[in-house]
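Q: Please find one structure pasted underneath; my questions will follow.
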Amino acid sequence: MTAVAKVAVDGWMIAWRNLLHVRRSVDWAFAAVVQPVMFVLLFGFVFGGLLGGAAYREYLLAGILVQTLAFNSAFTVIGLSTDLRKGFIDRLRSLPMSGVSVMVGRTLSDLAVSVVAMLVTCLCGLLIGWRVRGSFLDAVLAFLVLLVFAFAMSWIGALIGLVSPSPEAAQSAGLIWLTPLTFVSSGFVPEESMPGPLRVIAEWNPLTAVINAVRGLFGNTVPGLDVVSGSWPDDHALAYAWLSSLLIVAVFVPLSMRAYRRVAAR
């Protein structure tokens, strides 16, 4: 068996083990499935009447999808930290298994959870009136952008989980930075409505790029809420979304692997 094949097989075994844990964990299932539904209904109907009704609900869904995938990086954070705390990583050291397999297995299992959450969010969106207005190929490209973004975010979660001293600290560290990141974006309101400094941050926020790219591919732009700032990230949202996700992977994969080797060598 070649090295790449062995990494793939071992990574699949780790991913399957992690998915079994998710299936048996009620709180994880709640976070992955119920939370996005709650946000869709909350923002769509509590705030939607003020912000545009049915049109706003279509505008909203791209933001909820990206927010859900970003928050799901917490699965990677807590999962890796818990594995370290319970000695699972130490047990793997006695096996002829590459650390790459462990990390790939973790990120792939969390990507599978994100796929489920994404499907649930889309089904909920369909029930409240959301529709894909673009072409079939545009919709496929939009979902591909979302999956690459989710995969990139899981590697940020992997690094946080490996450097956190405990699962409790990991949970706080994995979520505390995501709330401002998701709200200072175009997920819920156009960035043009924000004051100067926040507007600039929102425009260059990678989440804004992913949201705007997905919203455009779905054909869910709404008159009065469309991006009109003329900044480079807004004018090249799809390119910036790809660039941001790939850059995150390029930076955080080596950092996560270094952290894993340091932890495993203790």
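Q: Which pairs turn up if I take residues in region 87-101 that are closer than 12 Å to Val7 by Cβ and surrounded by 12 or more Cβ atoms within 10 Å (Cβ to Cβ) and look for partners that are at pLDDT 75 or above and basic (Lys, Arg) with beta carbon separation below 8 Å, at least 6 apart in sequence or on another chain?
A: Note: pairs meeting the criteria are Ser98/Lys6; Gly99/Arg261; Ser101/Lys6.
Q: Continuing with the same structure: So, Ser166, is that one at pLDDT below 90, of a type in the set (Gly, Ala, Ser) and either open to solvent by 20 Å² or more (accessible area, probe 1.4 Å) or more than 21 Å from Ser244 (Cα to Cα) (or both) or not?
A: On the way: at pLDDT below 90: yes; of a type in the set (Gly, Ala, Ser): yes; either open to solvent by 20 Å² or more (accessible area, probe 1.4 Å) or more than 21 Å from Ser244 (Cα to Cα) (or both): yes.
Yes; evaluated as a whole, the condition is true for this residue.
Q: From the set of residues in region 169-178 that are in contact (Cβ under 8 Å) with a residue 60 or more places away in the chain and under 28 Å from Leu144 (Cβ atoms), which is most open to solvent (accessible area, probe 1.4 Å)?
A: The residue in question is Leu175.
Q: Here is a list of conditions, (1) under 15 Å from the mean Cα position of the chain (by Cα); (2) among the hydrophobic types (A, V, I, L, M, F, W, C); (3) at pLDDT 80 or above; (4) closer than 18 Å to Cys124 by Cβ, and Met38 meets all of them except one; can you say which number that is?
A: It fails just one condition, (1).
Q: Pick out the one residue from Thr68, Thr76 that is open to solvent by less than 30 Å² (accessible area, probe 1.4 Å), within 15 Å of Val116 (Cα to Cα) and out of contact with any strand residue (DSSP E or B) (no Cβ under 8 Å at 6 or more places or on another chain). Step through it out loud before you land on a result.
A: Details: Thr76 fails: within 15 Å of Val116 (Cα to Cα).
Every option except Thr68 fails the conditions.
Q: Which is at pLDDT 90 or above, over 14 Å from Phe71 (Cβ atoms) and loosely packed, with under 14 Cβ neighbours inside 10 Å, of Val115, Val145, Val140? Before you say what the answer is, go through the steps one by one.
A: Details: Val115 fails: loosely packed, with under 14 Cβ neighbours inside 10 Å; Val145 fails: loosely packed, with under 14 Cβ neighbours inside 10 Å.
Val140 is the lone residue from the list that is at pLDDT 90 or above, over 14 Å from Phe71 (Cβ atoms) and loosely packed, with under 14 Cβ neighbours inside 10 Å.
Q: Here is a follow-up. Which residue out of Thr121, Thr179 is polar (S, T, N, Q), modelled with pLDDT of 90 or more and farther than 23 Å from Tyr260 by Cβ?
A: Numbers: Thr179 fails: modelled with pLDDT of 90 or more.
When all the criteria are applied, what remains is Thr121.
Q: Out of the residues in region 179-204 that are part of a loop (DSSP other than H, G, I, E, B) and open to solvent by less than 10 Å² (accessible area, probe 1.4 Å), state the one that is nearest to Ala62 (Cα to Cα). Please lay out each step first, then the result.
A: Taking region 179-204 first, the residues part of a loop (DSSP other than H, G, I, E, B) are 184-190, 194-195.
Still in the list and also open to solvent by less than 10 Å² (accessible area, probe 1.4 Å): 185-187.
Details: Ser185: 12, Ser186: 9, Gly187: 7 Å.
Filtering first and then ranking leaves Gly187.
Q: Check whether at least one residue in region 222-230 is assigned to a helix (DSSP H, G or I) and either open to solvent by 30 Å² or more (accessible area, probe 1.4 Å) or at pLDDT 95 or above (or both), and report yes or no.
A: Step one: of region 222-230, the residues assigned to a helix (DSSP H, G or I) are none.
The answer is no, given that none of the residues of region 222-230 is assigned to a helix (DSSP H, G or I) and either open to solvent by 30 Å² or more (accessible area, probe 1.4 Å) or at pLDDT 95 or above (or both).
Q: For the subset of region 30-47 comprising residues that are of a type in the set (Gly, Ala, Ser) and more than 14 Å from Glu58 (Cα to Cα), which member is surrounded by the fewest Cβ atoms within 10 Å (Cβ to Cβ)? Steps first, answer last, please.
A: Taking region 30-47 as the starting set, the residues that turn out to be of a type in the set (Gly, Ala, Ser) are 31-32, 44.
Those left that are additionally more than 14 Å from Glu58 (Cα to Cα): 31-32.
Values: Ala31: 20, Ala32: 23.
Filtering region 30-47 for residues that are of a type in the set (Gly, Ala, Ser) and more than 14 Å from Glu58 (Cα to Cα), the one surrounded by the fewest Cβ atoms within 10 Å (Cβ to Cβ) comes out as Ala31.
The values are calculated or read from the model by the stated rules, or taken from the named source; none is laboratory data. Since the structure is predicted, the reported quantities are computational estimates derived from the model, not experimental observations. Positions of Cβ are backbone-derived with ideal geometry, glycine not excepted, and every protein chain shown enters the neighbour counts. Accessible surface areas use protein heavy atoms only, side chains included; no ligands, DNA or RNA. Shrake-Rupley method; radii C 1.70, N 1.55, O 1.52, S 1.80 Å.
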